[in-house]
Amino acid sequence: MASVTLYHWEPNANSGKPMLALLEKGVAFDSRYLDLLNFDQHKPEYLAINPQGTIPAMLHGGRVLTESTAIMEYVDEVFPGPRLMPADARDRWRVRWWMKFMDQWLGPSFSMIGWSVFVGPAVRSRAPEELEAAIERIPLPERRVAWRKAITGRFGDAEMRESRRRVALGIRMLEEELGRRPWLASHEYSLADINGFNLAYALPLSQPALSNDELTPNILRWLRKIYARPAVKACWALGRTGLVKRVSILEQPHIAAGQVT
Ligand SMILES: N[C@@H](CCC(=O)N[C@@H](CS)C(=O)NCC(=O)O)C(=O)O
C-alpha cells in the first residue's frame, strides 16, 4: 500500500496540480477519484477527511493536507526525485509570484468560464429536487453560490465580463513572460509550470481567438513541451471526461489563427 492517498477529480485545475507533482517526483499514491459532477466531494465519507468539501486532499504520515499549491510544495520537499523548485531564491520568488497570481486572480476567472460551459451543462438535466438537495449538502456558502449559478446558467454579465478581461490579460502576460525564458518562472521546469499547465492545457481550444501558434507562439511552445513529459502523459491518462481529453489538441504541430472555432 502506498504511503500517500490522494483524493482528486480530473487532471485539471486544483486536482491536477498534486497529481502531476506526485507523478513528476515518481511518488506512488493510492488514487481516490471523486466525481465532482456526482457531488462525491460533499458525501459524508469525504467530509470526514476534508470538511470543506473541496478537492484535492492528500493523506500522508497520518496528516490530512489540503490546498493544492501548498500540497505541491510539501510533495516537492518531502519526497526524493527531481526538484520542482529552483535553487535560486529570486527564481523561487518568481515561482511563488506566478502561483499566487494564477491561484487567486487568473484561475477563478478560468474556472468561472469552465463552470459556465462544462460543469453547469453537464449536470443541468438532472431532476431539480435532486440538484437542490445536492446544493443544500455543500458546506461552503460560496461553493453553494457557484453551483447555483452553474446549474441555472445565471452568471452575472459584469462578472463574466471581468473574467473574460482577466483571461485575455493573463494570456498576454503569460506570452510575454514565456518569451523571456524556456519555462514560466526559471530556467528549470518547476511547480509554476505544473500549476500553469493545469490552468492552460486546453487554451487553444477554450480561447481560440486569443491563443494559437500565430498569436501566442511562446505559450504553445511551452504547452507542447510540458505535454511531451512522460509524467504529464501518465497524469492526463487518468482523466475520464471530455474536459481533459481536450489536451490532445496539443498533438497538432501547428494551430493557426481561426483554425479552431
Ligand atoms: N484553494 C483550494 C480550492 C479547492 C477547490 O475549490 N476545488 C474545486 C475543484 S477545482 C472543488 O473542489 N470544487 C467542488 C465544489 O465546489 O463542489 C485548492 O487549491 O485546493
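Post the alpha-carbon centroid distance, segment 174-216 to segment 33-58, in whole angstrom.
Segment 174-216 and segment 33-58 have Cα centres separated by 30 Å.
Going toward the positive end of the dipole of the chain, with +1 on Lys and Arg Cβ and -1 on Asp and Glu Cβ, which of L199, L34, I255 do you reach last?
I255
Based on the Kirkwood radius over alpha-carbon pairs, what is the Stokes-Einstein translational diffusion coefficient of segment 147-248 at 37 °C with 0.692 mPa s viscosity, in µm²/s? Don't skip to the end; give the middle numbers.
Values: Rh = 14.9 Å.
The calculation lands on 220 µm²/s.
Fewest first, what order do L210, L205 take by the number of other Cβ atoms within 10 Å? Don't skip to the end; give the middle numbers.
On the way: L210 19, L205 15.
Least crowded to most crowded, the residues run L205, L210.
Provide, for q = 0.14, 0.25 Å⁻¹, the log10 of I(q)/I(0) from a solvent-free Debye sum over equal Cα point scatterers in segment 5-93.
Scattering profile of segment 5-93, log10 relative to I(0): -0.49, -1.28.
Sort T261, T66, T152 by Cβ crowding within 10 Å, fewest neighbours at the top.
Numbers: T261 5, T66 17, T152 11.
With the sparsest Cβ surroundings first, the list reads T261, T152, T66.
Work out, step by step, the length gained on full extension between D157 and A234: first 0.36 nm times the residue separation, then minus their alpha carbon distance; give nm to one decimal. Present the calculation step by step, with values, prior to reporting the outcome.
Values: separation 77, 0.36 × 77 = 27.72 nm, distance 3.85 nm.
Result: 23.9 nm gained on full extension.
Can you tell me how the chain classifies by the Cα gyration tensor, rounded, prolate or oblate, using a/c under 1.5 as the rounded cut? Intermediate values should be presented prior to the final figure.
Details: a/c = 1.72, a/b = 1.12, b/c = 1.54.
Cα axes put the chain in the oblate bin.
Give the Debye-formula value of log10 I(q)/I(0) at each listed q (0.14, 0.17 Å⁻¹), with one equal scatterer per alpha carbon of segment 25-73, two decimals each.
For segment 25-73, the Cα-only Debye profile gives -0.36, -0.53.
Taking the beta-carbon count within 10 Å as an exposure proxy, list M173, M85, M102 from fewest neighbours to most.
Numbers: M173 13, M85 19, M102 24.
Placing the least packed residue first, the sequence is M173, M85, M102.
Relative to the Cα centre, what is the charge dipole magnitude of segment 152-261, using +1 at the beta carbon of each Lys and Arg, -1 at the beta carbon of each Asp and Glu, and rounding to the nearest 20 debye? Please report the intermediate quantities before stating the final value.
Values: 16 positive and 11 negative charges, 56 e Å.
Roughly 280 debye for segment 152-261.
Going toward the positive end of the dipole of segment 72-144, with +1 on Lys and Arg Cβ and -1 on Asp and Glu Cβ, which of F118, G107, A133 do you reach last?
Ranked along the dipole, the leading option is G107.
Quick one: putting +1 on the C-beta of Lys and Arg, -1 on the C-beta of Asp and Glu, what dipole do you get for segment 106-193 around its Cα centre, in Debye to the nearest 20? Before the final figure, lay out the partial values.
Details: 15 positive and 13 negative charges, 46 e Å.
Around 220 debye, computed over segment 106-193.
Rounded if a/c is under 1.5, else prolate if a/b beats b/c, else oblate: with a ≥ b ≥ c from the C-alpha gyration tensor eigenvalues square-rooted, which is segment 188-261? Before the final figure, lay out the partial values.
Working: a/c = 1.91, a/b = 1.32, b/c = 1.45.
Oblate.
If amide H atoms are built 1.01 Å from N in the plane of the peptide, which residues on other chains or at least 5 residues away come under 5 Å of the amide H of V4?
Amide H neighbours of V4: D30.
Count charges around R144 for me, please; just the other residues with Cβ under 13 Å from its Cβ, Lys/Arg as +1, Asp/Glu as -1. Walk me through the intermediate numbers first.
Numbers: positive: R137, R143, R148, K149; negative: E132, E136, E142.
Value of the local net charge: +1.
Nearest 500 deg cm²/dmol is fine: what mean residue ellipticity at 222 nm does the chain get from its DSSP H runs of n ≥ 4 alone, each adding -39,500 (n - 2.57), divided by its residue count? Intermediate values should be presented prior to the final figure.
Details: 14 runs with 131 residues, N = 261.
Value at 222 nm, helices only: -14500 deg cm²/dmol.
Determine one quarter of the surface area of the Cα convex hull of segment 32-177, which equals its mean projected area, and express it in nm² to one decimal. Let's see the in-between values first.
Details: hull surface 43.4 nm².
Mean projected area for segment 32-177: 10.9 nm², to one decimal.
In Å, the Kirkwood hydrodynamic radius of segment 167-218 over pairs of distinct alpha carbons? Can you show the working numbers first?
Details: mean 1/r = 0.0886 Å⁻¹.
Result for segment 167-218, one decimal place: 11.3 Å.
Computed from the coordinates by the stated procedures, all read-outs in this text should not be read as laboratory data. Since the model is a prediction, treat every value here as computed from it, not as a measurement. As a convention, Cβ positions derive from the backbone with ideal geometry for all residues, glycine included, and neighbour counts pool all protein chains shown.
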